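*Asks:* Before anything else, here's the structure in question.
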Amino acid sequence: LPYDRVWNFSAGPSVLPQSVLEEVQRDLLNYKGHGMSVLEMSHRSKVYGSIISDAEATLRRVLKVPDNYSILFLQGGGTGEFAAAYLNLMASKSVREKQQKLGRPLACDYIVTGGWSKSGLKEVERLGANVNVVLDGVKSATTGETVYNSLPPVSEWNLGKPEETAYVYYCENETVHGVETPANFVVDAVDPSVPVICDMSSNMLSRPVDVSRFGAIVAGAQKNMGPAGVSIAIVRKDLLDRDESDPEVTRNIPSVLDWCYFDGAASMPNTPPTFSIYVCGLVFKWVEGQGIETMEKIRNERAKMVYDVIDAHPEFFHGLVDKKYRSAMNLVFTLPNAELESKFIAEAADCNMIQLKGHRSLGGIRVSLYNAMPIEGANAFVAFMKQFYENNH
Ligand code: PLP
């Protein structure tokens, strides 16, 4: 590979497009003749002002984000947004009015499909939310234990009544468990009067999304969008409406998690993660150059190649997720025993393919195929899988 690079199948932070890295390298010491690196630039400078506003505008075009949505660049990672989503929603005027009408706390509905939505749920429980668990994985047919490899049918979901629910939360792609909820599956199931909040940290920008159906979309950048250090929230503006005269409203929201504070200052009420946002802007341009539909086509192609090998040898490669819900971003499977799995990982590393070990909570193999992974990378991996099967089955 160019620059002696490796095929990096990390779940995150993960591979970036080579052309983006080359551009960053070219401009690292002297950004477009301004005599300094973006790393050294004041966020209050005119030049940086255009970098961040260009990044925002490009993302808006790429995802066709409607005008009644704000795009915010935030810090605190995907995890920061677990708390931010809850705190900001509960402060919003419409939610508070609904709660007053009900006369008791509204429920926050959580759809738990894997480790990350579970973490989102635990975070708001810590903050004292009145949680309603809509579903929590599925029961294993063999052991009866809760497992995260599928979704129960919508008829079995325990969604609250719209007038008793503040919002519905889910994670669209479970990075650890490899469960991806089909586009619009949740918004189709939820009453349109209830805002849906979605964590898209690990599948954002991999396919088109109808933003208008969400209350907010939140994501850490470090998988499909750019370097770690910045997270993004796309928020419907009416949810940022607050009764500022009521001191109760914002008392419990730290400024760094306050979407309104960021919205009112074009994402720069304090020093933003300047370099991460700059690189995200380049990635957004890279996606725009190809089109989001192309991203989706390539993502499906890449994933199909690997799943085809798994399905061709189910006695050797055991896919962990129900076919209807398996992720195109993080593909998880096991081999017949732990020894073979270690051998698989070691031999793959000898072929310059790294970061294939499954998450510590799940074991097995996880191969992450984000936007920046070229088809050639998936090809190389598939050839390796086939050879490994031939040598070891
Ligand atoms: N949500 C999802 C889907 C993730 O994959 C991750 C991290 O991998 C997070 C949230 C948490 O992000 P962070 O590590 O930036 O807090």
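Only the coordinates and a few stated rules stand behind these numbers; no lab work does. Model, not experiment: these values are computed from the prediction. Positions of Cβ are generated from backbone atoms using ideal geometry, with glycine treated the same way; all protein chains shown enter the neighbour counts.
*Asks:* Once label points are set 7 Å from the Cα along Cα→Cβ at both residue 256 and residue 27, what is their separation, rounded to one decimal in nm?
*Replies:* 2.7 nm
*Asks:* Going 7 Å from the Cα of residue 346 along its beta-carbon direction, which residues of the stretch 373-393 have the amide nitrogen within less than 20 Å of the resulting point?
*Replies:* 384-393
*Asks:* Name the residue from 342, 280, 128 whose Cα lies farthest towards the positive end of the charge dipole of the chain, charges +1 on Cβ of Lys and Arg and -1 on Cβ of Asp and Glu.
*Replies:* Among 342, 280, 128, the one farthest towards the positive end of the dipole of the chain is 280.
*Asks:* Moving on to the next point. Under the definition of Cα pairs under 8 Å and six or more residues apart, what whole-number percent is the relative contact order of the chain? Intermediate results must be reported in sequence, preceding the final value.
*Replies:* Numbers: 705 pairs, mean separation 91.9, N = 393.
Across the chain, relative contact order equals 23 percent.
*Asks:* Any chance you could run the full-extension gain for residue 212 through residue 130? It's 0.36 nm times the residue separation minus the Cα-Cα distance, nm to one decimal. Display every interim value, and only then the final one.
*Replies:* On the way: separation 82, 0.36 × 82 = 29.52 nm, distance 2.64 nm.
So the extension gain works out to 26.9 nm.
*Asks:* Based on the Cβ-Cβ distance from residue 392 to residue 139, what FRET efficiency comes out when R0 is 25 Å, to the nearest 0.05?
*Replies:* Working: r = 33 Å, r/R0 = 1.32.
That gives a FRET efficiency of 0.15.
*Asks:* Give me the distance between the Cα centres of the stretch 176-219 and the stretch 270-321, rounded to whole Å.
*Replies:* 16 Å
*Asks:* Can you compute the modelled spin-label distance between residue 54 and residue 193, with each label point 7 Å from Cα toward Cβ, in nm?
*Replies:* Computed distance between label sites residue 54 and residue 193 equals 4.6 nm.
*Asks:* Size of the stretch 291-392 along its principal axes in angstrom, Cα-based, largest extent first?
*Replies:* Projected onto its principal axes, the Cα set of the stretch 291-392 covers 42, 29, 26 Å.
*Asks:* Which whole-Hz couplings ³J(HN,Hα) result when phi for each residue of the stretch 142-155 is put into the Karplus expression 6.51 cos²θ - 1.76 cosθ + 1.60, θ = phi - 60°, listed in order with x for Gly and Pro?
*Replies:* Using θ = phi - 60°, the values come out as 8, 9, x, 7, 6, 10, 10, 9, 6, 10, x, x, 3, 4 Hz.
*Asks:* Still on this structure, please answer the following. Taking the beta-carbon count within 10 Å as an exposure proxy, list 48, 3 from fewest neighbours to most.
*Replies:* 3, 48
*Asks:* Could you give the size of the charge dipole of the stretch 291-392 about its Cα centre, using +1 on the Cβ of each K and R and -1 on the Cβ of each D and E, expressed in debye and rounded to the nearest 20?
*Replies:* For the stretch 291-392, the charge dipole is close to 340 debye.
*Asks:* Set the Förster radius R0 to 45 Å, insert the Cβ-Cβ distance between residue 102 and residue 266 as r into 1/(1 + (r/R0)^6), and round the FRET efficiency to 0.05.
*Replies:* Efficiency at R0 = 45 Å is approximately 0.80.
*Asks:* Ok, one more. For residue 39 and residue 3, what does the FRET efficiency come to when R0 = 25 Å and r is the distance between their Cβ atoms, rounded to the nearest 0.05?
*Replies:* Computed FRET efficiency for residue 39 and residue 3 comes out at 0.75.
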